[in-house]
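Engineer: Below you will find the structure I want to go over with you.
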Amino acid sequence: MPHIIAPSLLSADFARLAQAVEMVDASPAPWLHLDVMDGVFVPNISFGFPVIKAIRPLTRKVFDVHLMIVQPDAYITAFRDAGADRLTVHLEACTHLHRTVQAIKAAGMKAGVALNPHTPVHLLTDILGDLDQVILMSVNPGFGGQRFIPGTMRKLTALHDLRDAHQAPVMIEVDGGVAMDNAADLLARGADALVAGNSVFGAADPAEAIRAMSAIGA
Ligand code: DX5
Ligand code: ZN
């Protein structure tokens, strides 16, 4: 399967959100990454249901919603109703992670778990078979445009090995500081999807940036 580029709307110009979504819609990126932050789990507040709902009619691309919030269980069906196709929660925010993952799937979405940079991948051992995706955070969540944490490369290899050992059909997505200088290495180490915020929306030609990243290895 060719790799997936998931442009992160967090780095777009919020005064021209429709334009940004339409640019992604016309691009080869199959997913649009949407970062929801509550100011509690992470030290930033981004956007929520009204924004996701407002942009949903603008594209049929997969909405890959990354929840950086505490108590996500309370909002699962609300994110589904707003237009989420894939919903990822943080392991660090969920006491009853298995229950949360089942609730996401029961609501008709693909379920993901995200790991902060300090969280070891082996903590996923007993949930991996239930997941559609894992998001490996390669920055501390909360902001776009941060520097890639190099230790993520080692974690990616470890997660890839864990997936092989369990023969789990789970996708691996890397989120944070992804750009042309590390994308090929990440893909070679087994990443299936790459989130790209600043490297797309901060580029002189965002559509070209998506095209170039999508073409790696082609
Ligand atoms: C960070 C978010 C990321 C962010 C990535 O908390 O989860 O999705 O938008 O942005 P870049 O690609 O600029 O690091
Ligand atoms: Zn994200």
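Engineer: What longest region of the chain stays clear of trypsin sites (Lys or Arg not before Pro) that DSSP places outside H, G, I, E and B and that have at most 16 other Cβ atoms within 10 Å?
Structural biologist: By the stated rule (loop sites, at most 16 other Cβ atoms within 10 Å), 61-146.
Engineer: If you put +1 on each Lys and Arg Cβ and -1 on each Asp and Glu Cβ, how big is the dipole of segment 4-214 around its Cα centre, in Debye rounded to 20?
Structural biologist: So the magnitude is around 200 debye.
Engineer: Something else: When the accessible area of the chain is split by element with a 1.4 Å probe, what percent falls to carbon and sulfur?
Structural biologist: 54 percent
Engineer: How large, in Å, is the chain by the Kirkwood hydrodynamic radius built from its alpha-carbon pairs? Walk me through the numbers before you get to the answer.
Structural biologist: Details: mean 1/r = 0.0585 Å⁻¹.
Taking the inverse mean of 1/r over all distinct Cα pairs, the chain comes out at 17.1 Å.
Engineer: Add -39500 (n - 2.57) for each DSSP H run of 4 or more in the chain, then divide by its residues: what number comes out at 222 nm, to the nearest 500 deg cm²/dmol?
Structural biologist: -8500 deg cm²/dmol, from helical runs alone.
Engineer: Stretch residue 81-residue 58 to full length: gain in nm at 0.36 nm per residue minus the Cα-Cα span?
Structural biologist: Numbers: separation 23, 0.36 × 23 = 8.28 nm, distance 1.57 nm.
Length gained, residue 81 through residue 58: 6.7 nm.
Engineer: If you roll a 1.4 Å probe over the heavy atoms of the protein chains, what accessible area per residue do you get for the chain, in Å²? Let's see the in-between values first.
Structural biologist: Values: 9620 Å² over 218 residues.
I get 44 Å² per residue for this part.
Engineer: Using only alpha carbon pairs under 8 Å that are at least six residues apart, calculate the relative contact order of the chain and give it in whole percent.
Structural biologist: About 21 percent, as a whole number.
Engineer: I'd like the projected area of segment 49-132, averaged over all directions, using the convex hull of its alpha carbons. Report it in nm² with one decimal.
Structural biologist: Seen from a random direction, the Cα hull of segment 49-132 projects 5.6 nm² on average.
The values are calculated or read from the model by the stated rules, or taken from the named source; none is laboratory data. Computed from a predicted model, the values in this text were never measured in an experiment. Note that we place each Cβ from the backbone using ideal geometry, even for glycine, and neighbour counts take in every protein chain shown. We work out accessible area using only protein heavy atoms, side chains counted, and drop any ligands, DNA or RNA first. Shrake-Rupley method; radii C 1.70, N 1.55, O 1.52, S 1.80 Å.
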